Amino acid sequence: MRRRLEVAGIVQGVGFRPFVFRLAERFGLTGHVLNDASGVVIEIEGPAASLDAFAAALVGEPPPLACITAVTAAEVPATGAAGFRIVPSGGDAARTTLISPDVAVCDECLAEMWDPADRRHRYPFINCTNCGPRYTIIADLPYDRPKTTMARFAMCPACQAEYEDPRSRRFHAQPNACPGCGPRLTLRDARGAPATAADPLAAAVALLRQGAIVAVKGLGGFHLACDAGRATAVAGLRARKHRDEKPFAVMVPDLAAARAVAAPTPAEEALLKSLARPIVLVAHRPGAALAAEVAPGNRRVGLMLPYTPLHHLLLAACGGPLVMTSANPSDEPIVRDNDEACARLGGIADAFLVHDRDILVRTDDTVMHHAAGAARHLRRSRGFVPVPVLLPRGGPCVLAVGGELKSTLCLTRGRQAFLSQHLGDLENAPTHAFFEETIAHLTRVLAVTPELLVHDMHPEYLSTKWARARTDLPRLAVQHHHAHVLACLAEHGAVEPCIGLALDGTGYGLDGTLWGGEVLVVDGRRCERAGSFRALPLPGGERAIKEPWRMALALLVAAGHGEALAGCLARWPHADAAMARTLRDLLDRGHPFPRSSGLGRLFDAVAALIGLRDLASFEGQAAMALEQAAGTAAAPPYPMPLGEGAPFVIDPLPTVAAVLADLAGGALPGAIAARFHATVVAALAAACTRARAATGLGLVACGGGVFQNRLLLEALAVRLAAAGFRVLAPAQVPANDGGLALGQALYAQLEA
């Protein structure tokens, strides 16, 4: 008998064809295998029992990086041909194959790299079909070397022989290379000129040991590296990058080194060791040999393990942890090209460790943490993109352009939703250009043409303006918080009606005001506001986000405790006392400041009120300080009642008097922070119970950046489950605006 198998999924560039070849030999079958733009096509011939055994092994024993999503089989006429062949790729079919993300170097390659007898000993670009660059080097499909940035490197006879041998681990490994024929390292000085260095790697290590800052070219862009144990080096990097306090990521050579500087749980260690090698937020170990400037005032540190051969060589030679932060001027996209790095990072880096394998697609590091029993994305990028999320239903090809901050975009192909890598904040020209570059690349490699544009309702978002400027396609606008809830439903494959908790700082509401503390009733494209937190003034508009003392003042005045301002000023070292008194007068007189119901703004206000943070140097810093101080949400709650009527109002004003009383009684900020977390959990649980009574709904879907708060998410999930709710929270995609485009895409696929 002869059987034709069509295999879909991540099956190209992952050693799938040689795996099929070896299976055919194992079961004594003849035929052929090839890549096409739909995936992998196999024809096998032999006894029926052997064909069945082959098919079972195909699905049950795939290569490490393969992900089979579908196998279709059909009987075809037997040919009697001898042997089994791997034939050249075809490219005429519709492109429905999936592209592998970039993955960490495998243990077999590392063993060869450290072996003095191996021809790739200490080669910084060693790889095979089980590891190495993928998405960041692919220009088009099918995934063959001429369509990657490795096309310029002609393989030497030894590499070519491996590449053509189906029994080799490097059969059709498109980035295959060796020191004789592949990419090479060079070192440039601070001006970008070639440096005299017989061994560029050793020279870079010597600079790092001396406290220098070195820009290092990686998989999806450059890192800025320095000695993480040297306070002067880390402080110098902060000063040059104009990044005052936002934590830096740290790369350590292995799990033993991770345990020396932090206290990862078993689940966090598994995440650190996963193929994607994300940055993982773990508890900092007091007294560890990390400079305090790495993550000032933070109980957690972002750790990652080496994921390229070059990283392994650097870490082994340096002998200690290195800061590895994205190489970019503040708020701009990560740098990817050698000349671009020297131009844009001038004045930051003392030297540049570069190579001549081009990066086609900028892809920043993924950031994750483990919370409420699951690994959850805070930033989804390298190692995960472009693996799609499977939507509950299919529809037209949609381009969803997300929001403004932590921007991503989403393209759909049937039920597959391809969320882009992290793009950044669409507030400057370089990031906007990256946004357009990513749209062009994704549409090309997925071979799709958008039929519909979906965007946020906020008229001033650059993504909204971009979509509205496109007159060639129909458009849909989706309310910000509705999209957050739909993003959560999308990744869990749910479309049933639910209570949606959409909690963030600010988003454009259905009534044109700023929302952010929402209890919604969501049924597909229908969304109603069941309740919300009381809207508070933002004194000074957006300045209130960067200066949390302003939010604390608004909360005090709204609660009738404006007289407490004098005592608070002692806890607000960055506040202008005269300005504070002026703002108090304006608030007393009902000045029409913008108002927001955002729970994130309420966290900011309480953090400032108790003296934790009156100025924020990066988004969410005050709320993070409140979570860090709390340590637990197991504390007696303050009063935070729900008002009557529909929609109801969750009222934090009675909370203020209790907080002030605790302060007056000498309560420590940590104790107040813990009580505040318990208060919000109790209020949200009561709000869901109220919404269930009105609607009969028992499903709660969560979304919005506030759910990055581990204490809040874990305590609320337990509380709601105990009350009989089924709770869904984001994991595959970020709860913050990095998941917004996915919710927008699902909205477009739902019935109006």
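The values are calculated or read from the model by the stated rules, or taken from the named source; none is laboratory data. Computed from a predicted structure; not experimentally measured. FYI the Cβ positions are ideal-geometry reconstructions off the backbone, even for glycines, and counts take in every protein chain you see. Calculation scope for accessible area: heavy atoms of the full protein, side chains included, ligands and nucleic acids excluded. Shrake-Rupley method; radii C 1.70, N 1.55, O 1.52, S 1.80 Å.
Note on ARG285 and HIS574: their simple-model spin labels are 3.2 nm apart, each label 7 Å out from Cα toward Cβ.
Using the Kirkwood radius built from alpha carbon pairs, what does the Stokes-Einstein equation give as D for the stretch 119-218 at 37 °C and 0.692 mPa s, in µm² per second? Walk me through the numbers on the way to the answer.
Values: Rh = 15.3 Å.
Diffusion coefficient, whole number: 215 µm²/s.
Extension gain for ALA343 to HIS591 (0.36 nm times residue separation, less C-alpha to C-alpha distance): 84.6 nm. Based on the Kirkwood approach, the hydrodynamic radius assigned to the stretch 1-143 is 16.2 Å, with every pair of different Cα atoms included.
Any idea what the relative contact order of the chain is, in percent, if you count C-alpha pairs under 8 Å spaced at least 6 apart? Walk me through the intermediate numbers first.
Details: 1775 pairs, mean separation 83.6, N = 752.
With pairs under 8 Å counted, the relative contact order is 11 percent.
Once the C-beta distance of GLU542 and ALA292 is scaled by a Förster radius of 35 Å, the resulting FRET efficiency is 0.70 to the nearest 0.05. Against the chain, whose longest principal axis is taken from its Cα atoms, helix 231-241 shows a tilt of about 90°. Each of PRO450, GLY80, GLY505 was scored by the projection of its Cα onto the charge dipole of the chain, and the greatest displacement toward the positive side belongs to GLY505; charges sit on the C-beta of Lys, Arg, Asp and Glu.
How far is helix 710-722 tilted off the main Cα axis of the chain, in degrees rounded to 10, range 0 to 90? Relative to the chain, helix 710-722 is tipped by roughly 80 degrees.
Do the sum for the chain: with -39,500 (n - 2.57) for every DSSP H run of n ≥ 4, divided by all residues, what is the mean residue ellipticity at 222 nm, to the nearest 500 deg cm²/dmol? Don't skip to the answer; put the middle values down first.
Values: 23 runs with 245 residues, N = 752.
Helices in the chain give a 222 nm mean residue ellipticity of -10000 deg cm²/dmol.
Can you give me the Cα centroid spacing of the stretch 143-170 and the stretch 558-586 in angstrom? Taking the Cα centre of the stretch 558-586 as reference, the centre of the stretch 143-170 is 67 Å away.
Relative to the longest principal axis of the C-alpha atoms of the chain, give the angle of the C-alpha long axis of helix 577-588, reported between 0 and 90° and rounded to the nearest 10°. The answer is roughly 80 degrees.
Surface composition of the stretch 501-590: carbon and sulfur make up 49 percent of the accessible area, probe 1.4 Å.
Taking the Cβ of ALA239 as the centre, find all other residues whose Cβ is under 15 Å away and add up their charges (Lys, Arg: +1; Asp, Glu: -1). Spell out each step's value before the answer.
Numbers: positive: ARG230, ARG238, ARG240, LYS241, ARG243, LYS246; negative: ASP244, GLU245, GLU293, ASP350.
In short, +2.
Shape verdict for the stretch 496-551, please, from the Cα gyration tensor: rounded (a/c under 1.5), prolate (a/b greater than b/c) or oblate. Cα axes put the stretch 496-551 in the prolate bin. Normalising the Debye intensity of the stretch 657-752 to I(0), with uniform scatterers on Cα atoms only, and taking log10 at q = 0.12, 0.13, 0.18, 0.24 Å⁻¹ returns -0.52, -0.60, -0.95, -1.20.
Given contacts defined as C-alpha pairs under 8 Å and at least six residues apart, what's the relative contact order of the stretch 151-297, whole-number percent? 15 percent.
For a label point 7 angstrom out from the Cα of THR513 toward its Cβ, which stretches of the stretch 677-712 have the backbone nitrogen within less than 20 Å? Only 684, 687-688, 691 pass the distance filter.
Using only alpha carbon pairs under 8 Å that are at least six residues apart, calculate the relative contact order of the stretch 1-81 and give it in whole percent.
Working: 143 pairs, mean separation 40.6, N = 81.
Relative contact order for the stretch 1-81 comes out at 50 percent.
Applying 1/(1 + (r/R0)^6) with R0 = 45 Å to the Cβ-Cβ distance of ALA374 and ALA111, what FRET efficiency is obtained, to the nearest 0.05? Write down the numbers at each step before the final one.
Working: r = 33 Å, r/R0 = 0.73.
Efficiency, rounded to the nearest 0.05: 0.85.
Sorting GLU751, GLU45, GLU164, GLU518 on solvent-accessible area from highest to lowest, probe radius 1.4 Å, gives GLU751, GLU164, GLU45, GLU518. Is the stretch 574-624 best put as rounded, prolate or oblate by its Cα gyration tensor, with a ≥ b ≥ c the root eigenvalues, rounded for a/c under 1.5, and otherwise prolate when a/b is larger than b/c, oblate when not? Since a/c reaches 1.5 but b/c is at least a/b, the shape of the stretch 574-624 is classed as oblate. Of the whole protein surface, THR506 contributes about 40 Å² of accessible area at a 1.4 Å probe radius. Full extension of the chain between ASP189 and THR582 gives 136.3 nm of extra length, using 0.36 nm per residue less the Cα-Cα distance. Tell me the label only: which of (i) 16, 46, 30, 6, 0; (ii) 11, 27, 30, 19, 11, 3, 0; (iii) 13, 36, 31, 15, 4, 0 is P(r) over Cα pairs in 20 Å bins from 0, in percent as calculated from this structure? From the options (i) 16, 46, 30, 6, 0; (ii) 11, 27, 30, 19, 11, 3, 0; (iii) 13, 36, 31, 15, 4, 0, the structure gives (i).
Subtracting the Cα-Cα distance from 0.36 nm times the residue separation, let me have the gained length for ARG22 to GLU751 in nm, one decimal.
257.7 nm
In summary, the stretch 336-390 shows an alpha-carbon radius of gyration equal to 1.58 times the 2.2 N^0.38 Å reference for compact globular proteins.
Shown here for the stretch 105-177: chymotrypsin sites (Phe, Trp or Tyr not before Pro) in loop regions (DSSP other than H, G, I, E, B) with at most 15 other Cβ atoms within 10 Å, namely TRP114.
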